[in-house]
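Below is one structure; the comments refer to it alone.
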Amino acid sequence: MLRIALRTLRFRTGTFIATFLAMAFGAVIVLACGGLLETGVRTDMPPERLAAAPLVVTGNQDYELPKQNPDDPEEDAETGTLAERVRLDSGLLDKIESVPGVASAVGDLTFPATVGATTVNGHGWSSAALTPTRLTAGHEPGPGQVVFGPGHRLGERVTIVAGAQPRTFTVAGLSASPDVFFADPDATRLAGHPGRVDAIGVLTKPGADLGRVEQGVGQAVRGAPAVVLTGDDRGVAEHVEAGKASENLIILASVFGGLAISVALFVVATTLGLSVQQRQRELALLRAIGSTPGQLRRMVIGESVAMSVFATALGCLLGVPFGQWLFGRLAAAGMVPEQLVFRAGWIPMLVAVGSSLLISLVAAFVAARRAARTRPTEALADAAVQRRWLSAIRLILAVLCFGGGIALFIVTIAVMTGPIAASTAGPSVLLWAIGLALIAPGITRVMVGVLRWPVRAVSGTAGYLATLNARSRTVRMAAVVTPIMLATGIATANIYLQTTQVAVANQAYAENLRADLVLTSSTGGVPATFVDQVRHVPGVAAASGFASTTGYVAAPYDGSQSEDGWLIQGVSADGAAETTAVKLTAGRLADLRGDSVVLPAAHAKTLGRGVGDTITMKMGDGATVDVRIVGLYPGREGFETLLMPADLVAAHTTAGLPTQVMVRAAPGVSTDALAAELTKLLAGRPGVVVADRDVLTAAYAKDQEIGAWINYLMAGMIVAYTAISVVNSQVMATSARRREFGLQRLTGSTRGQVVRMMFVEAGLVSVIGIVLGTIVSTTTLVPFTLVTDGSLLPHGPAWLYLGVIGTAAALTVVSTLLTTWVTLRPRPAEAAVAPA
Amino acid sequence: MRQMNEMSADVVRLTDVRKTYGGKRNSVVALNGVSIGFGRATFTAVMGPSGSGKSTFLHCAAGLDRPTGGAVVVEDQNLAELSEVELTRLRRERIGFVFQAFNLLPALTVQENVTLPLRLAGRRAKPELVSRVIEQVGLADRRKHLPGELSGGQQQRVAIARALVTRPAVIFADEPTGALDTRTARDVLGLLRGAVDHAGQTVVMVTHDPVAASYADRVVFLADGKFVGRLAHPTAEAVAERMTHLGAWAEREPAGAR
């Protein structure tokens, strides 16, 4: 039976290629997402600077969130990633060195050092052994001396800004490394955290058993918040942001991988369904001459699975380079460190192969059900027009999908807050799309009925024929409408989710920013005393230090806390009231000194704490701090931020210093004049610049755009996939009408008349698809915009929507007309008698 | 109307078969109580004007469609008692088909098309039987050709070979010469006639062509879903005369036609 099916393949190359492409591209996308997922999970980063150290000890960046009931073993503990570098106590060095097999343990320090306009990494000279970095000229650095990279000469005096202070050093040696090396005591002072190191590189004795040493080191650091890294994991110690990036990568890959699998199922099922519909006569003939329904079912399934095996193989071949390319784009956008190695091993391969085969199998089951229902008398009937389409199963599934869609709608509005409301968007789009697809023949019929009159009014005979065709072939027409609906729906929903999210975030940021001018540092921060100096500049009404980080509420139990933690902003008690828009409902901002915090009122309520109470915070660097609540403010939903003193926050960041100073001009003082005054103050401080608030909001908006761009990239991939299926289904559906076109031309139609008729039909199909797609995206967007913004309409330019529907219509019309033209090539008499 | 039962000698017997299409409000009666039997090694032509129920009759008799009422018995097996799968099995073992058009799978060669019913039944085709059948229809030198490379008459002969290869109890032919020219049609009809005379095959053929009908042992006439007459040892002229009469008769009572 399968042999027969495969033999007939070459007589329907069009549908074969369409189905094959749908399956192959599905596998490509699933594998690419799988690869990104594995890359995120593995976080393989070959070490560069620490390459000579077979073992690297680094701070544990994982934080296990407190459980509601710590004694309940059933409750899952969520794990967050600490945002700042967790440093290690220097005391560990001796412990590690006493482990047998360890030659030496080197405490590594890394801090930004700015020379002129460029910022490089500064280290102590002892770190040189970890790469190893060798002198190409000169000698090791003594106090006040450095070893510098290419472009410098021995004896040169250079001014280096490190730890926010400019100092002059003499170049004592040269190396091939771009980094700058200081004498160890200098480095310790410049890094600003004596007694703690960023990482410890462990050099082993020749012939030492690495496994045994690793075990020994592990025991030596037990009790400290440290992890021992080997192999390709060591690179993570060099790039502390890799942990967070991997986590984001995992989320991104799972979200879009899941979407890709559902869309692939949808697309493959539609394509297979269409191909079975077009083989109705062949199937009916087989039934008439003695195939049982079961045999037809097995034939369709077997054929699909056989096809899927080859399609999946091709998909796997292309999926790895495609995933690599995607990863390259993400790295180029700065979402993941470039040093991360893309891995698509056997697990994503297995997932891609398994899911692709499963998708084909499920889709084939659906198509085969229809094939098995073929009645043998259809072989004898002249025209195969399907009228009945609504089965009980279809109805039940449609009701379930709509029910799910409505439930998500309600859940989004009722439970979700702020940006996380977007998380229901993906499933919501699919539920509505599948639900509408299931009842598409009915909707198509109604819409054709409505559109019939205007279409006939403007397009004459062509429109008359087109609407007649559309009315009598609603089932077939619905099959080509659904991909258009899906493409329009997914594209519109994803685009406007992003534009809305970006707009709302920018708005929230701008609203909160009351400063007129901002001093920002490109050298890792501004000294803590700098704020006071700024405050005394004439024309300054208020100045506040600024630092931000992410932390967790360690106690009491915080039910509203996610593994992403809370955004913490550090501000100065003296200037915060004037430089931010925060208005306290209880307490005073001026009390924000020492170990204290100002909470959003709703958050404090969740915690059951009020002004005067104390909560325990886990800061970004892993330190635990007890802070007193000194005030409450009404935070904007979804953008809640904890406020703490700037120096407290800065002390627990990797940089260790406030990053910015916010300045509010006194009444009557122009920002330009103030900027000029401040520039004078900055004369001796390379790396600090004055910027007005527009620069700041623009920079924030740019960061937001990067995040949005990544989502566009991933969604674009899936939209492109559905676009392929739009073209696929148009080509399939049109080329199957060869006989009909032939007959029509025998009756006196010119080619032009047929093409015009198909133009109107394609227009009808696009309009119906676009309307349904818009409904799908609306059902997704409305709850989201309601929650984030309180409005019904999304933010973002209207031309994006026009672009989406324009593209969808253009794809539909062009692919239909091209196929029509090709189909019209044979002489009408030949076409009319050809087997359907 | 006369009963035409020749009882147990019949290969196929229809008793009071009714078939209505559509729902309650817009129902159309296609067969209105049809009873007939087809004896072994007989060649029957079923004739009637358009909409007389010829096709529906053929579909019901061949087990392609299920009647609304009455019984169809093929070789003592009542088709109503069979499940869809059992019905299909009976069809491929005991019933052969020749249709007007789209008879063959375009991707399969002549030989593969002929052996398809055997393969569907999971049986091995005996090479000498297959060769004999293909030779019988005069296509011995075309067995590796695809249907697209054959003329209409040759394609129809392949279809007859396919119908013969399972040695069915009965062959149903639906306008087998409808798409053929006179000379080719004569070849095809000769083949069917030969199958009845030499192999003892039973053939039931629906046609509207009096010449085609003249190859049959008898002709039965359908109008408005009922048998309205029969003619033994027909000649083309006699059949044509009767058909003209039937046409007029059908015009007088156009209601219920299908």
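Tabulated values for the structure
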item	result
The stretch A:38-149 shape via C-alpha gyration tensor axes, a/c threshold 1.5	prolate
Sequence-separation-based contact order of chain A, relative, with Cα cut under 8 Å and 6+ spacing, percent	17
Rounded tilt (10° steps) of A:210-220 against the dominant C-alpha axis of chain A	60
Karplus (6.51, -1.76, 1.60) ³J(HN,Hα), θ = phi - 60°, over the stretch A:55-66, in Hz, Gly and Pro reported as x	10, 10, 9, 9, x, 7, 7, 7, 10, 7, 5, x
For the stretch A:745-808 versus the stretch A:564-601, the gap between their alpha-carbon centres in whole angstrom	48
Rounded, prolate or oblate (a/c below 1.5 giving rounded, otherwise prolate when a/b exceeds b/c) for the stretch B:45-158 by Cα gyration tensor	oblate
Antiparallel bridge percentage (DSSP; both residues within the protein assembly as shown; nearest 5)	75
With Cα atoms, 0 to 90° folded angle of helix A:671-681 axis to chain A main axis	40
Amide H contacts of B:Lys226 (H built 1.01 Å from N, under 5 Å, at least 5 apart or other chain)	B:Asn32
Proximal lysines relative to B:Lys126, as straight alpha-carbon distance under 29 Å, when same-chain residues fewer than 8 apart are discounted	B:Lys144
Residue-wise HN-Hα coupling along the stretch A:187-201, computed from phi with Karplus coefficients 6.51, -1.76, 1.60 (Hz; x: Gly, Pro)	4, 4, 5, 5, 5, x, 9, x, x, 10, 10, 6, 7, 10, x
Residue order, fewest to most surrounding Cβ atoms within 10 angstrom, among A:Cys316, A:Cys33	A:Cys316, A:Cys33
Positive-pole candidate from A:Ala762, A:Gly742, A:Gly773, dipole of the stretch A:692-777, charges at beta carbon	A:Gly742
Three-way shape label, the stretch A:662-785, alpha-carbon gyration tensor, a/c 1.5	prolate
Viscosity 1.306 mPa s, 10 °C: Kirkwood-radius Stokes-Einstein D of the stretch A:758-799 over Cα pairs, µm²/s	134
Qualifying trypsin sites (Lys or Arg not before Pro) for the stretch A:41-94 [loop in DSSP, other Cβ within 10 Å: at most 16]	A:Lys67
Estimated Rh, chain A: Kirkwood, alpha-carbon pairs, angstrom	30.9
Dipole magnitude of chain B, debye to nearest 20 (Cβ charges: Lys/Arg +1, Asp/Glu -1, about Cα centre)	480
Loop-located trypsin sites (Lys or Arg not before Pro) in the stretch B:103-212 whose Cβ has at most 16 other Cβ within 10 Å (DSSP)	B:Arg123, B:Arg124, B:Lys144
Equivalent ellipsoid dimensions for chain B as semi-axes, Å, which come from the Cα gyration tensor, largest first	30, 21, 17
Helix B:110-120 vs. chain B, principal-axis angle (Cα, 0 to 90°, nearest 10)	70
Which listed pairs, of A:Lys95/A:Lys618; A:Lys680/A:Lys702; B:Lys19/B:Lys54; A:Lys244/A:Lys702; A:Lys67/A:Lys618; A:Lys244/A:Lys618, have C-alpha distances above 23 Å, in listed order	A:Lys95/A:Lys618; A:Lys680/A:Lys702
Within chain A, helix-based [θ] at 222 nm, where runs of 4 or more DSSP H residues each add -39,500 (n - 2.57), nearest 500	-18000 deg cm²/dmol
Range of Cα positions in the stretch A:231-286 per principal axis (Å), largest first	68, 21, 9
In sequence order, calculated HN-Hα J values of the stretch B:28-38 (Karplus, 6.51, -1.76, 1.60; Hz; x Gly/Pro)	10, 8, 8, 10, 10, x, 9, 10, 6, x, 10
Neighbour-count ranking [beta-carbon atoms within 10 angstrom, fewest first] of B:Asp10, B:Asp197	B:Asp197, B:Asp10
Net length gained if the chain between A:Val537 and A:Gln215 were fully extended (0.36 nm per residue, minus Cα distance)	110.2 nm
Where labels lie 7 Å past Cα in the beta-carbon direction, separation of A:Leu792 and B:Ala232 in nm	8.3
Aspartates and glutamates with Cα under 14 Å of B:Lys226, excluding same-chain neighbours fewer than 8 positions away	B:Asp16, B:Glu253
Student exercise, the stretch A:321-382 dipole from Lys, Arg, Asp, Glu Cβ charges, in Debye to nearest 20	180
Sparsely packed chymotrypsin sites (Phe, Trp or Tyr not before Pro) within the stretch A:1-65, loop by DSSP, other Cβ within 10 Å at most 14	none
Counting DSSP beta bridges with both ends in chain B, the antiparallel % (nearest 5)	55
At R0 = 41 Å, FRET efficiency that the Cβ-Cβ distance of B:Ala199 and B:Ala240 yields, to 0.05	0.90
Normalised per residue, the volume of the convex hull around the Cα set of the stretch A:193-259 (Å³)	142
Kirkwood Rh and Cα Rg combined as Rg over Rh, evaluated for the stretch B:96-157	0.93
Relative contact order [Cα under 8 Å, 6+ residues apart], the stretch A:2-83, whole percent	18
Where labels lie 7 Å past Cα in the beta-carbon direction, separation of B:Val28 and A:Gln165 in nm	10.0
Cα centroid separation, the stretch A:260-325 to the stretch A:119-165 (Å)	64
Sequence-separation-based contact order of the stretch A:82-199, relative, with Cα cut under 8 Å and 6+ spacing, percent	33
Dipole magnitude (debye, nearest 20) for the protein assembly as shown, charges at Cβ of Lys, Arg, Asp, Glu	6220
FRET efficiency, A:Thr671 to A:Arg153 (Cβ-Cβ, R0 51 Å, nearest 0.05)	0.75
More than 23 angstrom apart: percent of Cα pairs within the stretch A:136-257	55
Length gained when the stretch A:Ala333-A:Tyr509 is fully extended (0.36 nm per residue, less Cα-Cα span)	61.2 nm
GluC sites (Glu not before Pro), loop per DSSP, at most 15 other Cβ atoms within 10 Å - longest free stretch of chain A	A:564-836
Extension gain (nm, one decimal) between A:Ala810 and A:Lys605, 0.36 nm per residue minus Cα-Cα	68.4 nm
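Throughout, read-outs are computed from the coordinates displayed, never taken from laboratory work. All values reported here derive from a predicted model rather than from experimental measurement. Cβ sites come from the backbone with ideal geometry, for glycine too, and all protein chains shown count toward neighbours.
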